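Student: The structure is given below, and queries will be raised subsequently.
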Amino acid sequence: MKKSVIVVEDDRGLREQLIKIIGTASDMQCVGAFSSAEEALPEISKKTPEVILMDIKLPAMSGIECLTIVKKFAPTVQIIMVTVYEDSERIFQALKAGASGYIIKSSPPEELIEAIRDVYNGGAPMSGPIALKVVQHFHRMGPSSQEAENLSPKERQVLDLLAMGFIYKEIGIKLNIGSETVRTYVKKICQKLHVRSRM
């Protein structure tokens, strides 16, 4: 079974490029591509893809607003935000709204394919500057009365190391755990961020 992917991107050239890149992967297929959130929403609800590549800056309704709506009717869809540069404030807002990760538009094709596979398998790609914002956010909010919503000591360690710029593999070596375990921790951190932000 191929993973179904929908692309929402207003730049026609980039949209076509993304469709082409997805087409090169034997384990995924693009089932739709749209230039606006308004155009994409009815199709997303009909097709319920497994992964959506969503431009953060769309012409009318923003990618973050669109993401919030999609998450209401299709909570299991994995959404990767596509952005021109690492605008950490916007990406952070998207993660709070339930995005699974993000990719920079200039990323090489193999990185894009890897990101789709990563979120499909339960990962949540997160870079240093974003991890730093997440650290600050949890810090500002203080501990929750619900223990399950607080970061565990291990999750905090992983997040701090991400914020320092270490990659999954290096974090795994430092904490003596596998890269897959690091990936699981990052996913849990994103879920807790999402829950805490909705409060």
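Student: Any idea which of PRO59, PRO42 is of a type outside the set (S, T, N, Q), at pLDDT 95 or above and either more than 29 Å from LYS188 (Cβ to Cβ) or in a helix (DSSP H, G or I) (or both)?
Tutor: The match here is PRO42.
Student: Now a separate question. How many residues are without any contact (Cβ under 8 Å) to a residue 60 or more places away in the chain and within 22 Å of SER35 (Cβ to Cβ) when one looks only at the range 73-92? Before you say what the answer is, go through the steps one by one.
Tutor: From the range 73-92, those without any contact (Cβ under 8 Å) to a residue 60 or more places away in the chain are 73-81, 83-92; that's our starting set.
Filter once more, so that each one left must be within 22 Å of SER35 (Cβ to Cβ): 73-74, 77-81, 83-85, 87, 90-91.
Qualifying residue count for the region: 13.
Student: Any idea how many residues of the range 93-117 are touching a Pro at 6+ places or on another chain (Cβ under 9 Å) and either among the hydroxyl-bearing types (Ser, Thr, Tyr) or open to solvent by less than 20 Å² (accessible area, probe 1.4 Å) (or both)?
Tutor: Residues flagged as touching a Pro at 6+ places or on another chain (Cβ under 9 Å) and either among the hydroxyl-bearing types (Ser, Thr, Tyr) or open to solvent by less than 20 Å² (accessible area, probe 1.4 Å) (or both) within the range 93-117 amount to 6.
Student: Has the range 177-199 got any residue that is touching an Asp or Glu at 6+ places or on another chain (Cβ under 7 Å), at pLDDT below 85 and either on the phi > 0 side of the Ramachandran plot or basic (Lys, Arg) (or both)?
Tutor: yes
Student: Applying the selection to the range 153-183, what residues are in a helix (DSSP H, G or I), over 13 Å from MET126 (Cβ atoms), open to solvent by 40 Å² or more (accessible area, probe 1.4 Å) and of a type outside the set (Asp, Glu)?
Tutor: If the condition is that a residue be in a helix (DSSP H, G or I), over 13 Å from MET126 (Cβ atoms), open to solvent by 40 Å² or more (accessible area, probe 1.4 Å) and of a type outside the set (Asp, Glu), then PRO153, LYS154, ARG156, GLN157, LYS169, ILE173, LYS174, SER179, THR181 are the ones that fit.
Student: List every residue pair whose Cβ atoms lie under 7 Å apart, where the two residues are 6 or more positions apart in sequence or sit on different chains, the first residue falls within the range 95-106 and is at pLDDT 85 or above, and the second residue, located anywhere, is of a type in the set (Ser, Thr, Tyr) and assigned to a helix (DSSP H, G or I).
Tutor: What qualifies is LYS96/SER197; ALA97/THR68.
Student: Still on this model: Taking the condition part of a helix (DSSP H, G or I), loosely packed, with under 13 Cβ neighbours inside 10 Å and under 19 Å from the mean Cα position of the chain (by Cα), does LYS20 pass?
Tutor: no
Student: In the set SER4, SER88, which member is open to solvent by less than 40 Å² (accessible area, probe 1.4 Å) and more than 25 Å from ILE189 (Cβ to Cβ)?
Tutor: SER4
Student: Let me ask something else about it. Can you confirm whether the range 52-64 contains a residue that is farther than 19 Å from GLU9 by Cα and either open to solvent by 10 Å² or more (accessible area, probe 1.4 Å) or of a type in the set (Val, Ile, Thr) (or both)?
Tutor: The answer is no; no qualifying residue exists.
Student: Out of all the residues in the range 156-199, which are polar (S, T, N, Q) and under 15 Å from VAL135 (Cα atoms)?
Tutor: Once the filter is applied, which keeps residues that are polar (S, T, N, Q) and under 15 Å from VAL135 (Cα atoms), the range 156-199 yields GLN157, GLN191, SER197.
Student: For residues that are open to solvent by 40 Å² or more (accessible area, probe 1.4 Å) and farther than 14 Å from GLN191 by Cβ, tally how many sit in the range 137-152.
Tutor: Number of matching residues: 6.
Student: Here's a follow-up. Does at least one position in the range 112-128 carry a residue that is at pLDDT 85 or above, closer than 19 Å to VAL70 by Cβ and part of a loop (DSSP other than H, G, I, E, B)?
Tutor: No, the conditions are met nowhere in the range 112-128.
The values are calculated or read from the model by the stated rules, or taken from the named source; none is laboratory data. For clarity, every value in this text was computed on a predicted model and none was experimentally measured. Please note: Cβ atoms are built from the backbone with ideal geometry, for glycine as well, and neighbour counts cover all protein chains shown. Accessible surface areas use protein heavy atoms only, side chains included; no ligands, DNA or RNA. Shrake-Rupley method; radii C 1.70, N 1.55, O 1.52, S 1.80 Å.
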